[in-house]
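Right, one structure below, let's go through it.
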Amino acid sequence: MGVTCFFERLGQLVFVEVKKSRDFATAAARITEAQIGRIHNAAASFLAGMPLGQNTETRFDAALVNELGDVEIIENAFGF
């Protein structure tokens, strides 16, 4: 399972990639460089329509879900 979503929190736009697997480490390993690039490109396209454009405060997180349904959030997961 992989879903990319975004929301606004305290004036910051947060893009989140959600991955589910049997454990957190396996879920994290399923986020590929290509997916990170697509998330970044989609965010750039979205931000182009925002009043501040690329200067909009953003964060890129990962939400990892294990087989029990537990969730681990990694803030600033992609280093940009």
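The values are calculated or read from the model by the stated rules, or taken from the named source; none is laboratory data. From a predicted model like this one, the values you see are computed outputs, not experimental measurements. Heads up, the Cβs are rebuilt from the backbone with ideal geometry, glycines too, and the neighbour counts pull from every protein chain shown.
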Filtering the stretch 50-61 down to residues that are small (G, A, S) and outside any helix (DSSP H, G or I) yields none
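Looking at L47, L13, L64, which is the one that is more than 12 Å from the chain's Cα centre (by Cα) and either assigned to a strand (DSSP E or B) or crowded, with 16+ Cβ neighbours inside 10 Å (or both)?
L47
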Could you tell me whether any residue of the stretch 22-40 is aliphatic (A, V, I, L, M), at pLDDT 90 or above and part of a strand (DSSP E or B)?
no
Pairs returned, first residue in the stretch 53-70 that is under 14 Å from V14 (Cα atoms), second residue that is surrounded by fewer than 16 Cβ atoms within 10 Å (Cβ to Cβ) and among the charged types (D, E, K, R), beta-carbon separation under 8 angstrom, 6 or more apart or interchain, are R59/E75; D61/E75; A63/E72
Just give me the residues in the stretch 1-21 being touching a residue at least 40 places away in the same chain (Cβ under 8 Å), over 14 Å from V71 (Cβ atoms) and not aromatic (F, W, Y), in sequence order.
G11, Q12, L13, V14
Of all residues in the stretch 67-80 being more than 10 Å from the chain's Cα centre (by Cα) and under 25 Å from D23 (Cβ atoms), the one that is modelled with the lowest pLDDT
G79
